[in-house]
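The structure appears below as structure tokens.
No value in this document is a laboratory result; all are computed from the given coordinates. Note that this is a predicted model, so its numbers are computed, not measured. When we count neighbours, we look across all protein chains shown, and the Cβ atoms used for this are built from the backbone with ideal geometry, even at glycine.
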């Protein structure tokens, strides 16, 4: 397990790329730090590893704080290792966008895997990435993919919009609930239930787990049925119960999306969306520069002479005259 | 109180603008529906009202579900009416981005103000607005501002990223906590504490309110002190207690930002940020169209020949060749 990020040493992007492709843990850690920081060499890194991505199975693990996602991730790691696979966990920390400092430092977990070379665990914030977590996370997943981990588990700390987007952008999105930690109605409001390929009701050892299952079933009946009916798996991660069933549900979903062509379509759609978002983020930087250099436009907006929509249209048309 | 949105009738944007500027409630309701829907006439609406905006004082009210924001908003409305002012409440509903349907229909509240022409209450989702809630909400606030409401209270349902952004984009952001509904540590993680100009610990009648105040004070001591030290006001909205103190704290903050020039700076910065975001959202649409028309580029990305960063750069540089 590599937690050090080694930010102080100068980064030679070619050697980082080489290291990532060779599965070198230090290089992988450094590459993910580059993604977090939005390092200038990020484009070179992305270009250098991209051809070697698309092989890993990715699993999203999302749900309200306190439902036991970390424990569940630990169980999934153990089971995958027992089955002979390699696995990486990317834990998404919702760093405050205002301070830029991560309050969460509690990733000193999964100690049992600390010395296992087939396991890589890393928590991730965004410090400088242009597009925030929604764009940083997929790039970090590609780093782990290129490094050869067969399975990448993306675990979110909470259920913020960016976190839900990140979880939804995996091959199989697992939504975790538990008794006493947010209810299905709240999650429905936040749009979380709808991204689920598999539901887990964790803490099955606790009172109220059956109620959560019932409430969830009711919520699901309200929604429109799709071609895939997300199963509900009951687990007690802390007692190591239900993990085999969860893995089976994830494997079933994977078979379904592979056979139906849904996986290919979903991956294509999310790659193109990522390109659009990256392009928009780049353009935003251009627009900000144009606003700074064109004081008359900025002053016109502030003086309420030019409304924001008109100013935006001026920027888009001016700077994108070639379209 | 106008809740009907009258979506069925064709909208004549000129008459909507005229109605908004005259303070006509039906026109205001219709204009906000146009903002929600991202109606084609939105740019014309924005252009038509913009010169008449910038007069209202805006107050953000954010905090975890269950802290009593709605009750507090009701109290603020009553007090503002007693003081002779007019007030609008915009309640931000975190509609699921996946279904497009609002699960929340529970806005049958503030019944006491239902027949008061000096009060306008409206809940708001985003159905089609290009930039989501972060861009739709400021435009809706401008509609209320142009209609002549002296005070606009923006109440968020939860503490999602977009909701926090919306609350932060007001003149005075009030962050509400209460015993038993999310703790200060969780809120710090979500970046909510840092946007606060005023803190409220509501439900002061309940056990544990003092603990919340203490925990909050500790959290605030961890952060860097700014030029404005956000006061902590204890209220019991349900018992009508502490509301005068809250209004005083809001007025103090307003005096401070007006005198120091911070209000002007904040408003300028957020208008320019809005322009940048709108420009980026417009550009994203262009980029998506370019990806659709250029099948080779899209296929190259999907086949892992062209990495997303390079594809984004190609789109930005190609379509923005004039910069």
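So how do B:265, A:142 line up by other beta-carbon neighbours within 10 Å, fewest first?
Working: B:265 11, A:142 26.
By the 10 Å Cβ count, ascending, the order reads B:265, A:142.
If all Cα-Cα distances of the range B:272-319 are sorted into 10 Å bins from 0 onward, what percent lands in each bin, rounded to whole numbers?
Per 10 Å bin, starting at zero, the Cα-Cα P(r) for the range B:272-319 comes out as 26, 49, 20, 5 percent.
Pull up the DSSP beta bridges for the protein assembly as shown and report the antiparallel fraction as a percent, rounded to 5.
5 percent
Using only Cα atoms, locate the centre of the range B:68-90 and the centre of the range A:131-181, then give the distance between them in Å, rounded to an integer.
Their Cα centres are 41 Å away from one another.
Calculate the translational D of the range A:177-323 in whole µm² s⁻¹ from Stokes-Einstein, where the hydrodynamic radius comes from the Kirkwood formula applied to all Cα pairs, the temperature is 4 °C and the viscosity 1.567 mPa s.
Once the numbers are plugged in, D ends up at 66 µm²/s.
Given 10 °C and 1.306 mPa s, how large is the Stokes-Einstein diffusion coefficient of the protein assembly as shown in µm²/s, with Rh as the Kirkwood radius over Cα pairs?
Once the numbers are plugged in, D ends up at 61 µm²/s.
Relative contact order (percent) for chain B, with alpha-carbon contacts under 8 angstrom and 6 or more residues of separation?
19 percent
P(r) of the range A:111-161 in 5 Å steps, Cα pairs, percent per bin?
Result, from short to long distances: 4, 16, 25, 24, 17, 10, 3, 0 percent.
Express as a percent, rounded to the nearest 5, the fraction of DSSP beta bridges in the range B:51-260 (both residues included) that run antiparallel. Display every interim value, and only then the final one.
Values: 1 of 29 bridges.
The antiparallel proportion sits near 5 percent.
Mind running the shape call on the range B:170-260? Use the C-alpha gyration tensor, a ≥ b ≥ c as the square roots of the eigenvalues: rounded below 1.5 for a/c, prolate if a/b tops b/c, oblate otherwise. Can you show the working numbers first?
Numbers: a/c = 2.12, a/b = 1.17, b/c = 1.81.
Oblate, since a/c reaches 1.5 and b/c is not below a/b.
Give me the three principal axis extents of the range B:25-99 from the C-alpha atoms, as integers in angstrom, largest value leading.
37, 37, 21
Got the residue B:251 label distances to the other copies yet, label 7 Å along Cα→Cβ, in nm, shortest first?
Label point to label point, same position, other copies: 6.9 nm.
Classify the range A:51-260: rounded, prolate or oblate, from the alpha-carbon gyration tensor (a ≥ b ≥ c, eigenvalue square roots; a/c under 1.5 rounded; otherwise prolate if a/b is larger than b/c)?
rounded
For residue A:294 and residue A:51, what does the FRET efficiency come to when R0 = 41 Å and r is the distance between their Cβ atoms, rounded to the nearest 0.05?
Details: r = 41 Å, r/R0 = 0.99.
In this case the efficiency is close to 0.50.
Which ordering of A:255, B:134 is given by a fewest-first count of other beta-carbon atoms within 10 Å?
So the ranking, lowest neighbour count to highest, is A:255, B:134.
Can you give me the distance in nm between label points at residue A:270 and residue B:116, each placed 7 Å from the Cα along the Cα-to-Cβ direction?
4.8 nm
Which distances, shortest first and in nm, link residue A:128 to the matching position in the other copies, using label points set 7 Å out along Cα to C-beta?
Between copies, matching label points for residue A:128 lie 4.1 nm apart.
What does the helix-only formula give at 222 nm for chain B: each DSSP H stretch with n ≥ 4 adding -39500 (n - 2.57), the total divided by the residues, and the result rounded to the nearest 500 deg cm²/dmol?
Here the helix-only value at 222 nm equals -15500 deg cm²/dmol.
Taking the Cβ of each residue in B:90, A:222, A:297, B:21 as the centre, tally the other Cβ atoms inside 10 Å and list the residues starting with the fewest.
Fewest-to-most Cβ neighbours within 10 Å comes out as A:222, B:21, A:297, B:90.
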